[in-house]
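Since the structure comes first, as structure tokens, the remarks are kept for the end.
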Amino acid sequence: MAKPKSFSCSSCGASTSKWSGRCDGCGEWNTIQQEVPLSAGPAKKSLGAKRGTSIILSDLSTDEAPPPRTCSGIDELDLVLGGGLVPASAILVGGDPGIGKSTLMLQAAARFAQNGLKTLYISGEEAAAQVRMRAQRLGLADAPVKLATETNLRDILTTLESERPDLVVIDSIQTMWADNVESAPGSVSQVRAAAHELTSFAKRRGVSVILVGHVTKDGQIAGPRVVEHMVDTVLYFEGERGHQFRILRAVKNRFGPADEIGVFEMTGRGLAEVKNPSALFLSERGTPSPGSVVFAGIEGTRPLLVELQALVAPTPHAQPRRSVIGWDGGRLAMILAVLEARCGIPFTGLDVYLNVAGGLKISEPAADLAVAAALLSAREDVALPAETVIFGEISLSGALRPAPQTENRLKEAQKLGFTRAIAPDNGRAGGKSGTNGGMTLTQASDLTGFIGDHFGAG
Ligand code: TYD
Ligand code: MG
């Protein structure tokens, strides 16, 4: 009798017994793939039928010192890792093809190796000569990194077992091939099996592994989301191809804060750190122009000033365009709806373009007010006063909510030469406007008041 096939969703991991175009679990399209079990064979009796050995329980308290971390010396990377590399940790580095993952990982491997870690770099994508040429170009040809090009997971594990490195970089997880799994490299089962083998090896043998993974069009690490659950740390390397700036963002970190970012610049000699990124995403500042607004944001633990640009123009189409880069399209729709429903400012018949300068992606709700200001400024063709930063969250009722870390945002803006800030009333400054360490702070409690103050009656 033929074995029943099983399928699983590469997005949410749900399993089904038949293929379908759309996953019932998460509603994603084209994510169902055939699953081959790790060990083939008929299902065994229930686990409760045979006694296992009892596991050892322990207390939460410990006398052990926290494991010593190793720093690469690339400060932006060490920061995102939560203060350096934790021994025996598993890290997934995801990003679009061509964004610079291999470059960053080769630089990191070289620096970790120079700092005393026995480091292996295993490439399944490029020939050894190619990797060597890149190392040469990056000035890292002398770094004590051991290089191999291999995709056979069994051979890799055997080598790791005998070499016992401190750190191994696998570039990329999609090219790895486990011979006990029948499906093709890059399939859900292969990626899952390879990630499982490598992360459990990491824990068992005290080796840190860095898995490089490509993301698909819609921003997921190709293959199952479950890889994200298997590892300790998930870092995304993002940026726009046309821009030279790259952001390394911790989206999950068992050993440090998530949401921390590191900023790099792609140069002719690899990725260079950007030590003080807060002014990076501001374009040339001259006379303020309509549609352009500076948002005082926070990324991870660091304040970051970003320019938002909006363009609003009559549409020639029946359906006006809503185009957004670096910000969530759904959130833009929400702000447009609030402006229309609560403040009587419609955008019907108008195309709306919103862009975050410099290729940065922002997801903070605190950018709402800055987005609204950019849209209004573009629509009314009125520039906001120069040297002004804006931040604050907008609720569906049109009320404004204070953003966390107001002080940090103001301090950073002041450091960069801004003199005025517009933010929601946080009930502390008392009154509509006041000065806060040299900054003039204009407060607003709702969107209508904000519009009245800065754009006339709207
Ligand atoms: P790569 O690290 O191969 O990307 P990924 O592994 O994410 O697919 O980087 C590819 C791009 O980086 C490539 O288009 C060339 C560019 N690059 C530089 O601009 N400078 C450099 O020093 C290097 C090594 C690459
Ligand atoms: Mg690569």
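Quick check: is even one residue across segment 249-270 assigned to a strand (DSSP E or B), over 17 Å from the mean Cα position of the chain (by Cα) and surrounded by fewer than 17 Cβ atoms within 10 Å (Cβ to Cβ)?
Scanning segment 249-270, I find at least one residue that is assigned to a strand (DSSP E or B), over 17 Å from the mean Cα position of the chain (by Cα) and surrounded by fewer than 17 Cβ atoms within 10 Å (Cβ to Cβ), so the answer is yes.
Scanning for something within 23 Å of the chain's Cα centre (by Cα), away from ligand 1 (no atom under 16 Å from the Cβ) and either assigned to a strand (DSSP E or B) or of a type outside the set (A, V, I, L, M, F, W, C) (or both), does segment 118-128 turn up at least one residue?
No, that holds for no residue.
Just give me the residues in segment 157-181 being more than 15 Å from residue 201 (Cα to Cα), more than 16 Å from ligand 1 (Cβ to nearest atom) and either open to solvent by 10 Å² or more (accessible area, probe 1.4 Å) or outside any loop (DSSP other than H, G, I, E, B) (or both), in sequence order.
Correct list: 177, 179, 180.
In segment 312-402, which strands (runs of 3 or more DSSP E) lie fully inside it and hold 1 or more residues that are more than 24 Å from residue 300 (Cα to Cα)? I'd like the intermediate steps shown before the answer.
On the way: elements: 322-325, 350-356, 388-390.
Strands (runs of 3 or more DSSP E) meeting the threshold: 322-325, 350-356.
Residue check: is residue 28 modelled with pLDDT under 90, surrounded by 10 or more Cβ atoms within 10 Å (Cβ to Cβ) and not assigned by TED's automatic domain parsing to the domain that holds residue 197?
Working: modelled with pLDDT under 90: yes; surrounded by 10 or more Cβ atoms within 10 Å (Cβ to Cβ): yes; not assigned by TED's automatic domain parsing to the domain that holds residue 197: yes.
So residue 28 fits the description; yes.
Could you list, in sequence order, all residues of segment 315-355 that are in contact (Cβ under 8 Å) with a residue 60 or more places away in the chain and basic (Lys, Arg)?
Scanning segment 315-355 gives a single hit, 342.
Checking the condition within 16 Å of ligand 1 (Cβ to nearest atom), within 22 Å of residue 233 (Cβ to Cβ) and in contact (Cβ under 8 Å) with a residue 60 or more places away in the chain, which residue from 11, 102 passes? Before you say what the answer is, go through the steps one by one.
Numbers: 11 fails: within 16 Å of ligand 1 (Cβ to nearest atom).
Going through 11, 102 in turn, the sole match is 102.
The values are calculated or read from the model by the stated rules, or taken from the named source; none is laboratory data. In this text, all values refer to a predicted model and were calculated from it rather than measured experimentally. Because the Cβ atoms are built from the backbone with ideal geometry, glycine has one as well, and the counts that use them run over all protein chains shown. These accessible areas exclude ligands, DNA and RNA; they are computed on the full protein's heavy atoms, side chains included. Shrake-Rupley method; radii C 1.70, N 1.55, O 1.52, S 1.80 Å.
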